[in-house]
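Scroll down for the structure; my scribbles are underneath it.
Quick note: the coordinates plus some simple rules give every number you see, no bench work behind them. None of these values were measured; they are calculated from a predicted model. Cβ coordinates were reconstructed from backbone atoms using ideal geometry, including for glycine residues, and neighbour counts include every protein chain displayed.
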Amino acid sequence: MPLPSFISMYQQLIAAPSISAIEDTLCMSNKNVIELLAQWCESLGFTCEIIELEGGKGRYNLLAKRGQGDGGLMLAGHTDTVPFDDSRWNHDPFKLTEHNNKLYGLGSIDMKGFFAFVLQAISELDEKQQTQPILILATADEETTMAGAQQICKHPNLKPARCIIGEPTNMTPVFTHKGHMSTAIRVVGRSGHSSDPERGLNAIEVMHKVTTKLLNLKEQLKNKYSVEHFEIPYPTLNLGHIHGGDNANRICGCCEMHIDMRPLPGLSIKDLQALLIDATKEINDQYPNAVSVIDLHDPIPAFSGSTDSALVKMAEKIAGQKAVAVNYCTEAPFIQQLGCETIVMGPGSINQAHQPDEFLAMEKINPSQKIITDIIKANCFND
């Protein structure tokens, strides 16, 4: 079966819902997307391995390879998308819609569309001239737990020399990025009638003390740690969600706050977790075991790359842009564990990611396609 056209691949990928979310009721299997990609890869002579994630739940990785031995170039991306708010979309999220020179659809740039670019590029290159293996990796659950990338980095026979992760960077090479931690701070007090405050322990009042400590930690992180490559050069701490109590005339028995932290390269997850524990220690000493610090998901470490790597220099030359550092995070720190030079670089703008009416600007298609084709050719083909 011949490979569909670029636009047809795009349409079919967008039309296959693959939402991942923390809430189970919103989650969908990505099997349809994986099977589409496997079918197209096989039409180009790839051998495909479909791997169900540990724990099942209908989540799959795809590893496709053309060529023998280790080394070569891996082109990687995730097949899942974030949930969407239907009331804020002006277009059907699951139908690729062309309007005002833009292609709208959920996953158009974050990041199912990347696979259409990759497969189109490979189809236009002469397989007889291929000298190094080409690998295509499609993962599950990047938008939540990154379970797909965490599992694939333990693959016993996966040893590419280089990897490009096609997150939307407007084809600017990204050589390093921050990590991500989502943490719950839970205060458990003692509820009781509001008319006798001394008989209870108000969790909201204790959380007020915790919040003061967290804001002090936020300033400490800002003043103590810095990496100049980043637009925001320090680790950030955001107080994102808080809930506590159930009625005005009851002493609040439980209060929970969710925070987001973005570690810099060189600042480990364990270091940040220790700082959080230390920030709450004095309050826990005052109110024994009242405060718990709980990871909402497995923390994602920062990605540390180098501007001196051969892949970065090649990507800079082909794209005509200097490599940069970014504040968001990707699967790169896990993929990097395979021992390959790794960068993040793909079509579309990160400004459109996770937004209503996500789109790819059509004037970016041909320039992006050329860069992707040239990088694949430079790594895996004879001139």
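Overview of values
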read-out: Cα Rg, Dmax, the stretch 181-295, angstrom units; value: 15.9, 55
read-out: Ratio Rg/Rh, restricted to the stretch 1-45 and using Cα atoms, in which Rh is the Kirkwood radius; value: 1.09
read-out: Ranked E358, E363, criterion: other C-beta atoms within 10 Å, fewest first; value: E363, E358
read-out: Positive-end extreme of charge dipole, the chain - chosen from G179, P160, M314 (charges on Cβ); value: M314
read-out: Contour excess over end-to-end distance, with Cα ends at N216 and M362 and 0.36 nm allotted per residue; value: 48.0 nm
read-out: Fully extended contour minus Cα-Cα distance, from E205 to E282, at 0.36 nm per residue; value: 26.2 nm
read-out: Across K317/K370; K102/K322; K128/K364; K128/K317; K31/K112; K222/K270, pairs whose alpha-carbon gap is larger than 20 Å; value: K102/K322; K128/K364; K128/K317
read-out: Percent antiparallel among DSSP beta bridges (both partners in the chain, rounded to 5); value: 70 percent
read-out: Radius, Kirkwood style, for the stretch 261-383 when every pair of distinct Cα atoms is counted (Å); value: 18.1 Å
read-out: R88, R190 arranged by Cβ crowding within 10 Å, fewest neighbours leading; value: R88, R190
read-out: Gain on full stretching of the segment that runs from A378 to D85 - 0.36 nm per residue minus C-alpha separation; value: 101.4 nm
read-out: Percentage relative contact order, the stretch 181-295, counting C-alpha pairs under 8 Å, at least six apart; value: 41 percent
read-out: Residue list for the stretch 40-60, given a label point 7 angstrom along the Cα-to-Cβ vector of K154 and an amide N cut-off under 11 Å; value: 54-55
read-out: Debye, to nearest 20: dipole size of the chain, +1 on Lys, Arg Cβ, -1 on Asp, Glu Cβ; value: 540 debye
read-out: Coarse-grained scattering of the chain at q = 0.15 Å⁻¹, given as base-10 log I(q)/I(0) from a Debye sum over alpha-carbon atoms; value: -1.30
read-out: Model label zone, S194; criterion: amide N under 15 Å from point 7 Å along Cα-to-beta-carbon; scope the stretch 204-220; value: 204-205
read-out: Hydrodynamic radius by Kirkwood, which averages 1/r over all alpha carbon pairs of the stretch 168-213, in angstrom; value: 14.5 Å
read-out: Candidates F334, F115, F46, ranked by Gaussian network fluctuation over the chain, Cα under 10 Å, top entry; value: F46
read-out: Two-site label geometry, D70 and N238: point separation in nm, points 7 Å out along Cα→Cβ; value: 4.0 nm
read-out: For V344, V291, V326, order by how many other beta-carbon atoms lie within 10 Å, fewest first; value: V326, V291, V344
read-out: Cα centroid separation - the stretch 113-140 against the stretch 332-383, whole Å; value: 12 Å
read-out: Stokes-Einstein translational diffusion, the stretch 48-112 - Kirkwood Rh over all Cα pairs, 0.890 mPa s, 25 °C, in µm²/s; value: 165 µm²/s
read-out: Convex hull per residue volume in Å³, alpha carbons only, for the stretch 33-175; value: 139 Å³
read-out: Helix 31-43 axis, angle to the chain major axis (alpha carbon atoms, nearest 10°); value: 20 degrees
